[in-house]
Amino acid sequence: KLEDQRILIMGAGAAGIGIGRLLLKTISYLQPDKNVLAQVAITDSTGLITVFDEKSDPYKKDFLWSQDLLDQYKIEDTSNLLHLVEQFKPSVLIGTSGQPGLFSQDIVNAMQKYNTRPVIMPFSNPDTLSEAKPEDLIQWTNGKALVAAGSPFPAFTYDNKSFRISQGNNVFIFPGVGLGALLAQAKHVSSKMFYLASKTLSEQVTPEELAQGMLFPHITRLREITREIAITIILDHDAKTTRAQAEEKVDQFMWEPTYPTLIAEK
C-alpha cells in the first residue's frame with residue numbers, strides 16, 4: 001500500500017517537488033491522521049532538505065524536515081546519501097536529479113537490506129542523465145528490484161529471464177485526466193483526479209507485463225488506458241452517471257488519428 005511506503009526522492013527541482021506534493025496529498029487522502037512528511041524525504045545538491053537550510057528555496061518549504069524527524073530516524077549527516085538510506089530505510093527511491101550514476105551500488109544494496117523488492121525509479125532524462133541504468137539495478141539486486149525509468153531503455157536478459165523496463169511518462173496520465181475533466185465539465189483539475197488516474201493506471205498493468213518487469217502498461221495500449229482514466233474521472237465527478245453512460249460519452253468524443261486515403265477526381 002502506498003500509505004505504508006517510505007519514499008526518498010533525490011532531486012528537489014520542479015519534477016521532484018511536484019512528485020512529492022502529489023504523494024503527500026495522496027497519502028493524506030488515504031490516511032488523514034498520518035504525519036505524511038515522515039514518509040517522504042527529498043534531497044537536493046546539498047543532501048536532505050531540512051529546516052536548517054538557510055538558503056532553501058521557498059517552493060521546498062513543505063518538505064523541510066524538522067529536528068524531530070531527524071531524531072526519529074537517527075539521521076546525523078544529512079549530506080551523506082548512503083547514511084540517509086541506511087537510516088530512513090526507503091522502500092521507494094525516485095531520481096529527478098539529473099545526476100548520472102547517483103544511485104550507486106552501495107545505495108541500492110543498502111535499500112535491499114530492508115526491502116525484498118525495492119522500487120527504484122531513475123526518472124531523469126535523457127538516458128545519459130539517468131541516476132542508474134536499469135540493467136545494473138536488476139543485476140545489483142539479483143533480479144529483485146522493481147524498476148521504471150524516465151527514458152526508454154532496451155530490453156535485456158538477466159538470469160535467463162527477459163526484462164522490459166517501463167518508461168514512466170506523463171503521457172499515461174494527462175490525456176485521460178484532460179478528457180475526463182472536459183467531459184465531466186469540471187471547474188478545475190484537482191489532485192484527486194491525478195490520484196484516481198494513477199490508481200486506474202496501476203490497475204491496467206497485466207500479469208504478463210508484470211512478469212516481464214514492467215511497472216507501466218505497454219505504450220501500445222495508451223488509447224484504452226486513456227479511455228479508462230477518463231471514465232473513472234467522469235464517474236467520480238457525477239455519482240448519477242452510470243458506467244454505460246460514461247463509456248458512451250467517452251467513445252463518442254475520442255477520435256482516431258488516421259490519414260484517410262484520398263482519391264483525386266478525374
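What to note about this one:
- When ASP62, ASP77 are checked against the criterion of being of a type in the set (Asp, Glu), in a loop (DSSP other than H, G, I, E, B) and either under 22 Å from SER104 (Cβ atoms) or without any contact (Cβ under 8 Å) to a residue 60 or more places away in the chain (or both), ASP77 stands alone in meeting it.
- Candidate set: segment 200-223, residues that are surrounded by fewer than 14 Cβ atoms within 10 Å (Cβ to Cβ) and within 19 Å of the chain's Cα centre (by Cα); chosen: the one nearest to GLU3 (Cα to Cα): SER202
- Segment 234-266: number of residues that are part of a helix (DSSP H, G or I), within 17 Å of VAL177 (Cβ to Cβ) and in contact with a Lys or Arg (Cβ under 9 Å, 6 or more places away or on another chain): 4
- Any hit, segment 151-167, residues being farther than 20 Å from LEU23 by Cβ, in a helix (DSSP H, G or I) and either of a type outside the set (D, E, K, R) or without any contact (Cβ under 8 Å) to a residue 60 or more places away in the chain (or both): no
- When each of LEU70, LEU102 is tested for being assigned by TED's automatic domain parsing to the domain that holds SER130, at pLDDT 95 or above, more than 24 Å from the chain's Cα centre (by Cα) and hydrophobic (A, V, I, L, M, F, W, C), the lone residue that passes is LEU70.
- Across segment 6-63, the number of residues qualifying as surrounded by fewer than 16 Cβ atoms within 10 Å (Cβ to Cβ), under 20 Å from GLY95 (Cβ atoms) and either among the polar types (S, T, N, Q) or not assigned by TED's automatic domain parsing to the domain that holds ILE94 (or both) comes to 2.
- Residues being of a type in the set (Ser, Thr, Tyr) and either out of contact with any Asp or Glu (no Cβ under 9 Å at 6 or more places or on another chain) or not assigned by TED's automatic domain parsing to the domain that holds ASP44 (or both) - total across segment 115-127: 1
The values are calculated or read from the model by the stated rules, or taken from the named source; none is laboratory data. Computed from a predicted model, the values in this text were never measured in an experiment. Heads up, the Cβs are rebuilt from the backbone with ideal geometry, glycines too, and the neighbour counts pull from every protein chain shown.
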